[in-house]
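Trainee: Pasting in a structure now, in structure tokens, and then I'll have a few things to ask.
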Amino acid sequence: MTAMPGGSQEVAVQCRGLTKSFGAGEARVPALRGLDLDIGYGEMVMLVGPSGCGKTTLISIIAAVLDHDAGLCRVLGQDLKTLTAADKVLLRRKAVGFVFQAFNLIPTLTLADNVSVPLLLNGVGRTVARRRAAEILERLGLGTRAEALPSELSGGQQQRVAIARALVHSPRIVVCDEPTSALDARTGDTVLHLLREVALQENRALVIVTHDNRILKYADRIIEMSDGVITQSAAGQPAVADARSNLP
Ligand SMILES: Nc1ncnc2c1ncn2[C@@H]1O[C@H](COP(=O)(O)OP(=O)(O)OP(=O)(O)O)[C@@H](O)[C@H]1O
């Protein structure tokens, strides 16, 4: 079992003996092989490891977009195996923000409309939704582009829109797959500051898959995976913890 730093009893995510395979018979590929993990509220965890070790599979299960085979995955106190498909839709809609590697923006909608979608799905009125979308786009440096279409943006700008959309409805759990892959160092810092602020101030849990060593300094915990299990879990650096209290 992977212990929580400080031994906290209250966890946002609890995985025990989690397994997941793709395919069947000779083509079967085991992606998770009995993984144990706890993630606390207010914690920002970074998942690292070689390509194919199961990082995306793990965050997809935590975000309730992919079903696991066996073991326990409890998210916000709910055992995912006990949830119906409709329950999972609700959990995702209300409580999960997902930044996909491929951004997954809707090409025919403006940035403001893309970012408004999670709010509209949660019953927020259009005017309020668009105002909140504009606010978060502003914080991510895209305030003047709110009426642009995704195709008019660079990859880095699209990535920031995807991050805005994942945060706009204040989800308790945020999972991000390579959220800085298309960003330069400065923009990556802006995004990580925002994600940290979100994790700390709103007491949410953030899980970030990354190959970007530049952003590891923002993590509370760095978890290394290999071949479908966790091989190492290390606390973040104290020097960075100091810097966190000076967020812009
Ligand atoms: N939909 C799928 N169908 C078949 N195999 C899959 C599928 N998704 C993942 N896999 C396999 O499961 C294993 C874990 O994949 P996963 O994408 O979780 O790894 P990863 O650590 O996120 O890799 P990367 O860093 O390259 O994104 C790999 O062997 C991958 O080929």
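Trainee: All but one of (1) more than 10 Å from the ligand (Cβ to nearest atom); (2) more than 13 Å from the chain's Cα centre (by Cα) hold for F100; state the number of the condition that does not hold.
Mentor: (2)
Trainee: Further question: Can you pull out the residues in region 207-224 that are part of a strand (DSSP E or B) and of a type in the set (V, I, T)? Steps first, answer last, please.
Mentor: From region 207-224, those part of a strand (DSSP E or B) are 207-209, 221-224; that's our starting set.
Listed by number, the residues that qualify are V207, I208, V209, I222, I223.
Trainee: Looking only at region 13-28, count every residue that is at pLDDT 95 or above and among the aliphatic types (A, V, I, L, M) and tell me the total.
Mentor: 2
Trainee: Okay, moving on. Kindly indicate the residue of region 8-47 that is loosely packed, with under 14 Cβ neighbours inside 10 Å and within 15 Å of the ligand (Cβ to nearest atom) and also nearest to K81 (Cα to Cα) among those meeting that condition. Walk me through how you get there before you give the answer.
Mentor: The first filter runs over region 8-47 and keeps only residues loosely packed, with under 14 Cβ neighbours inside 10 Å, leaving 8-10, 22-29.
Keeping just the survivors that are within 15 Å of the ligand (Cβ to nearest atom) gives 22-29.
On the way: F22: 18, G23: 20, A24: 21, G25: 24, E26: 26, A27: 25, R28: 22, V29: 21 Å.
Applying the filter and picking the extreme gives F22.
Trainee: Determine whether L66 is part of a strand (DSSP E or B), of a type in the set (A, V, I, L, M) and within 16 Å of the ligand (Cβ to nearest atom). Before you say what the answer is, go through the steps one by one.
Mentor: Values: part of a strand (DSSP E or B): no; of a type in the set (A, V, I, L, M): yes; within 16 Å of the ligand (Cβ to nearest atom): yes.
So L66 fails the test.
Trainee: Let me ask something additional. Evaluate the following for A31: is it touching a helix residue (DSSP H, G or I) at 6+ places or on another chain (Cβ under 8 Å) and either touching a residue at least 12 places away in the same chain (Cβ under 8 Å) or not hydroxyl-bearing (S, T, Y) (or both)?
Mentor: Details: touching a helix residue (DSSP H, G or I) at 6+ places or on another chain (Cβ under 8 Å): yes; either touching a residue at least 12 places away in the same chain (Cβ under 8 Å) or not hydroxyl-bearing (S, T, Y) (or both): yes.
Answer is yes for this residue.
Trainee: Please name all residue pairs, on different chains or six or more residues apart, with Cβ atoms under 9 Å, provided the first residue is in region 225-248 and is crowded, with 16+ Cβ neighbours inside 10 Å and in a helix (DSSP H, G or I) and the second residue is modelled with pLDDT of 50 or more and aliphatic (A, V, I, L, M).
Mentor: R244/L200
Trainee: Of everything in region 33-54, what is over 13 Å from L206 (Cα atoms) and touching an Asp or Glu at 6+ places or on another chain (Cβ under 8 Å)? Give them in sequence order.
Mentor: Start the filter on region 33-54 by keeping residues that are over 13 Å from L206 (Cα atoms), which leaves 33-37, 48-54.
R33, V48, G49, C53, G54 - these are the residues of region 33-54 that are over 13 Å from L206 (Cα atoms) and touching an Asp or Glu at 6+ places or on another chain (Cβ under 8 Å).
Trainee: Of all helices (runs of 4 or more DSSP H) completely enclosed by region 83-191, which ones contain at least 3 residues that are farther than 20 Å from L58 by Cα and among the charged types (D, E, K, R)? Please lay out each step first, then the result.
Mentor: On the way: elements: 85-95, 111-121, 126-139, 155-167.
Passing ranges, in order: 126-139.
Trainee: Within region 72-91, does at least one residue satisfy the condition of being exposed (fewer than 15 other Cβ atoms within 10 Å of the Cβ) and touching a residue at least 24 places away in the same chain (Cβ under 8 Å)?
Mentor: yes
Trainee: State whether the residues of region 50-59 include one that is surrounded by fewer than 23 Cβ atoms within 10 Å (Cβ to Cβ), in a strand (DSSP E or B) and either free of Cβ contacts under 8 Å to residues at least 60 places away in the same chain or within 14 Å of the ligand (Cβ to nearest atom) (or both).
Mentor: no
Trainee: In region 17-38, what residues are within 20 Å of R74 (Cβ to Cβ) and not basic (K, R)? I'd like the intermediate steps shown before the answer.
Mentor: Restricting attention to region 17-38, the residues satisfying the condition of being within 20 Å of R74 (Cβ to Cβ) are 17-20, 31-38.
Matches in region 17-38: G17, L18, T19, A31, L32, G34, L35, D36, L37, D38.
The values are calculated or read from the model by the stated rules, or taken from the named source; none is laboratory data. Remember, predicted model here, so these are calculated numbers, not experimental data. Don't worry about glycine lacking a Cβ; one is built from the backbone with ideal geometry, like all the others, and counts go over all protein chains shown.
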